[in-house]
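Only the coordinates and a few stated rules stand behind these numbers; no lab work does. The structure displayed is predicted, hence computed values, not measured ones. FYI the Cβ positions are ideal-geometry reconstructions off the backbone, even for glycines, and counts take in every protein chain you see.
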Amino acid sequence: MALENTPSNTGVSETHQNKKMKIDTDQPENNMLNSTNFEPKNLDISNQILSKNNIDLHADPEIPKNIDSMENIDMRGITIAFDDQAGSDANETNQSFSERTADMERYDFYRKVLKSPKYIVAPMVDQSELAWRILSRRYGAQLCYTPMFHAKMFSDTSNRGYYNEMWKTNKFDRPLIVQFCANSPQSFVDAAKLVENEADAVDLNLGCPQHIAKRGKYGAFMMDEWKLIEEIITHACANLKIPVTAKIRIYSDISKTLEYAQMLVRAGAKLLTVHGRLREQKGHKTGLSDWEQIRLVRENLPQVPIISNGNILYFEDIENCIKYTKVDGVMSAETNLYNPALFSNKLKTNYEMATEYLQICKLVPTKISYIRAHLFKLFKPSLPKYVDLRTQLANSKSLEEMESTEEDQLDEYGYKILPHWYCQPAIRREFDSKKSVGEKPLGRSIVPISD
Ligand SMILES: Cc1cc2nc3c(=O)[nH]c(=O)nc-3n(C[C@H](O)[C@H](O)[C@H](O)COP(=O)(O)O)c2cc1C
């Protein structure tokens with residue numbers, strides 16, 4: 001039985017449906033990860049707005065600010081020293097590295113290791129990087145996934161470049177699930193071995209629908225290779241000390257989705273994330289996530305922690321989703337990128353979030369292309385107002401350039417440029433007899449103040 005994505009089974013109101021952006025999902029090409037997607041016209045305001053606003057990063061006492069310090073971070077962002085002061089915090093957030101958690105009961109793992117997360121940041125290529133995870137955790141994220149890493153490249157001993165560039169974490173970056181795409185049992189284990197001392201689980205990507213995944217035969221294109229998936233998971237469960245999880249898409253036939261989920265659990269998956277879209281739902285065909293199928297997966301697998309993915313626009317959608325589907329947690333990708341404070345249920349300005357993110361990037365080395373992509377998304381609503389500043393952000397090649405501010409940037413008539421959300425001066429225009437009032441402002445009269 002194919003389920004239609006009607007408002008009733010997606011759990012999303014008409015209004016939300018209309019607002020939902022039809023951008024897909026599981027990967028770079030359609031998701032601004034590819035720099036060619038950042039046309040200048042879509043780029044956003046820069047710098048001057050960011051550092052004009054002297055944001056107090058510690059202003060909100062409810063938000064933990066336990067960001068690692070520079071001394072504790074090596075060039076890959078990996079903690080190199082555990083100081084005593086931070087020790088108690090670290091014990092709170094980190095599993096003991098020697099503990100074998102792979103054999104734990106599913107809900108023991110979910111509760112004791114993952115700490116029963118309800119608010120979850122999705123794996124996002126080039127976007128759920130360490131700095132972004134730190135920001136998201138400050139604003140309520142209780143579990144984060146790394147971006148998807150290519151298992152074979154990650155574990156390639158003849159070339160450590162990819163591993164060194166991709167793998168960044170620190171002692172506060174927990175609970176953490178590292179996601180890999182793989183189509184061979186050994187490459188998945190080889191890659192997972194490299195992170196099993198610093199992560200709480202490894203996830204197999206079974207959802208990526210992009211052409212690159214089709215060519216590489218991984219992600220959602222493994223949906224036709226159940227035997228292989230089973231082998232990958234079984235082999236990993238036997239060889240890793242941390243649990244294996246999986247992130248899946250659905251089939252149009254619910255009974256096939258259920259059979260698929262059961263197969264994954266039989267193979268040893270300790271937790272399933274269900275993205276309620278078909279493999280074909282990408283690009284302009286993305287549509288809505290099917291909460292009814294997610295609800296049925298939940299109902300049929302009561303022994304397995306289930307995370308729902310899709311259709312989260314506002315904080316209240318999270319509770320709606322849990323109420324409807326009875327899942328344990330809710331994962332957000334796209335909305336988390338536009339609103340990293342989603343899980344805190346707080347309204348934040350985009351420049352506050354951008355400033356705080358840039359502060360984190362100063363401590364945690366982050367690729368400039370990731371930063372740029374984040375800023376474009378954060379500032380998307382402001383783009384139309386700051387057409388002339390888009391190129392500036394697009395062309396920034398360093399963190400300093402991104403942040404560097406023209407504190408006193410003036411427009412061509414000498415007026416300070418203020419973001420549109422600030423109260424503005426009343427600027428008088430020159431009188432033009434034809435139009436009653438002309439375009440040109442009168443100009444600023446700057447009179448030196450004498451003592
Ligand atoms: C920028 C971006 C990158 C993504 N990269 C991954 C990825 O690495 N692994 C994965 O399983 N899904 C990836 N996805 C898909 C999301 O994890 C998620 O399944 C999808 O976007 C639906 O959730 P949403 O409706 O909250 O956006 C990506 C999505 C976006 C927007």
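Remind me, what semi-axes does segment 193-263 give for its equivalent ellipsoid, largest first in whole Å, using sqrt of 5 times each Cα gyration tensor eigenvalue?
23, 15, 11
Where does each of Glu225, Glu319 land when they are ranked from fewest to most other beta-carbon atoms within 10 angstrom?
The fewest-first ordering by Cβ neighbours comes to Glu319, Glu225.
Thr349 to Lys416: FRET efficiency via 1/(1 + (r/R0)^6), r the Cβ-Cβ distance, R0 30 Å, to the nearest 0.05?
Result of the calculation: an efficiency of 0.95.
Label 7 Å along Cα→Cβ of Arg100; segment 220-244 residues with amide nitrogen under 14 Å?
Counting backbone N atoms under 14 Å from the label point, the list is 237-243.
Hey, with R₀ at 35 Å, roughly what FRET efficiency would Leu228 and Ser252 work out to, going by the Cβ-Cβ distance, to 0.05?
FRET efficiency, Leu228 to Ser252: 0.95.
So if R0 is 51 Å, what FRET efficiency would Asp108 and Lys367 give, r being the distance between their Cβ atoms, rounded to the nearest 0.05?
In this case the efficiency is close to 0.85.
Could you give P(r) for segment 61-345, binned at 10 Å from zero, as whole percent values over all Cα-Cα pairs?
In order of increasing distance, the bins hold 7, 31, 39, 20, 4, 0 percent.
Take every Cα-Cα distance within segment 305-411, group them into 5 Å bins from 0 onward, and report for each bin the whole-number percent of pairs it holds.
2, 10, 19, 19, 16, 12, 10, 6, 4, 2, 1, 0
Assuming 0.36 nm per residue, please report the length gained on full extension of the stretch Lys115 to Cys423 beyond their Cα-Cα distance.
Once the chain is fully extended between Lys115 and Cys423, it gains 106.5 nm.
Can you run phi through the Karplus equation (6.51, -1.76, 1.60; θ = phi - 60°) for segment 282-290 and list ³J(HN,Hα) in whole Hz, with x for Gly and Pro?
For segment 282-290, the Karplus-derived couplings read 8, x, 6, 9, 4, x, 9, 7, 8 Hz, x marking Gly and Pro.
Could you list, bin by bin from short to long, the percent of Cα-Cα pairs of segment 104-207 in 10 Å steps?
It works out to 15, 48, 31, 6, in whole percents.
May I ask you to sort Arg215, Arg298, Arg279 by Cβ crowding, counting other Cβ atoms within 10 Å and putting the fewest first?
By the 10 Å Cβ count, ascending, the order reads Arg215, Arg279, Arg298.
For Glu105, Glu412, Glu401, Glu198, what's the fewest-to-most ordering of other Cβ within 10 Å of each Cβ?
Fewest to most other Cβ atoms nearby, the residues stand as Glu412, Glu105, Glu401, Glu198.
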